[in-house]
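Notes follow the structure.
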Amino acid sequence: MCAAPLLHLPNYAVTAFGERLDRHGTEPGFTAVLAYADGHPVGYAYGNTIGHGGRYRQRTSPRPAEKYTERPAVALKEIGVRPTWRKTGTARRIHGALLATRNEPFVTLMVNPAAGDGKVHALYKSWDYEDSGQSQPSPASPVLTVMIRANS
């Protein structure tokens with residue numbers, strides 16, 4: 001018996017996710033965390049290491065302050081939780097489990113400020129992330145808010 005998918009997405013979204021995962025999985029320092037309950041997947045997160053002059057930081061405007069870029073950071077690329085597990089603290093625990101495997105001093109992410117009518121952005125702020133700029137990773141992407149916090 002197969003477990004239900006984490007999210008119910010159209011095929012094009014699944015294909016796009018697979019393409020991003022293939023690309024991100026080859027980047028330096030790639031780490032993924034999968035969460036299970038009763039043998040079924042309930043969520044995931046993954047990220048990788050970003051360096052001083054990398055594409056991630058070059059696309060951020062304004063450029064991040066030197067204190068954030070002088071050493072490598074971890075970029076949280078994706079986090080997802082099954083709908084029935086949302087608002088249970090599962091995302092926060094997955095986030096913590098991923099960061100516990102990392103030794104970079106800072107963690108950064110990009111969020112669509114309109115996602116969930118602003119609730120996703122507010123959630124990251126409640127996890128001590130601060131806005132540090134904007135980025136548009138591709139012409140098809142919306143302008144994203146770049147956020148950063150200490151990895152502690």
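The values are calculated or read from the model by the stated rules, or taken from the named source; none is laboratory data. Not measured: the values here are computed from a predicted model. Cβ: placed from backbone, ideal geometry, glycine included. Neighbour counts: every protein chain shown.
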For Glu70, state whether it is over 15 Å from the mean Cα position of the chain (by Cα) and among the acidic types (Asp, Glu). yes
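Going through region 99-124 one residue at a time, which ones are closer than 19 Å to Ser61 by Cα and either touching a residue at least 60 places away in the same chain (Cβ under 8 Å) or not small (Gly, Ala, Ser) (or both)?
Within region 99-124, Phe106, Val107, Thr108, Leu109, Met110, Val111, Asn112, Pro113, His121 qualify.
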Condition first: loosely packed, with under 15 Cβ neighbours inside 10 Å and at pLDDT 95 or above. Now tell me which residues in region 128-142 satisfy that. Asp128, Glu130, Asp131
Looking at Arg55, Arg102, Arg20, which is the one that is modelled with pLDDT of 90 or more, out of contact with any helix residue (DSSP H, G or I) (no Cβ under 8 Å at 6 or more places or on another chain) and of a type in the set (D, E, K, R)? Arg102
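Yes/no matrix, rows are residues, columns are (1) farther than 26 Å from Ser141 by Cα; (2) surrounded by 20 or more Cβ atoms within 10 Å (Cβ to Cβ); (3) touching a Cys at 6+ places or on another chain (Cβ under 9 Å):
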position: His52; (1), (2), (3): no, no, no
position: Arg71; (1), (2), (3): yes, no, no
position: Gly89; (1), (2), (3): yes, no, no
position: Ile94; (1), (2), (3): no, yes, no
position: Phe106; (1), (2), (3): no, yes, no
For region 66-97 the number of residues that are assigned to a strand (DSSP E or B) and either more than 12 Å from Gly47 (Cα to Cα) or among the hydrophobic types (A, V, I, L, M, F, W, C) (or both) is 7
Of the conditions (1) surrounded by 15 or more Cβ atoms within 10 Å (Cβ to Cβ); (2) part of a loop (DSSP other than H, G, I, E, B), Arg149 fails just one. Which one is it? (2)
Lys125 - would you say it is out of contact with any helix residue (DSSP H, G or I) (no Cβ under 8 Å at 6 or more places or on another chain), of a type in the set (D, E, K, R) and assigned to a loop (DSSP other than H, G, I, E, B)? no
Take the conditions part of a loop (DSSP other than H, G, I, E, B), under 30 Å from Tyr36 (Cβ atoms), free of Cβ contacts under 8 Å to residues at least 60 places away in the same chain and among the β-branched types (Val, Ile, Thr) and apply them to Thr49. Does it pass? no
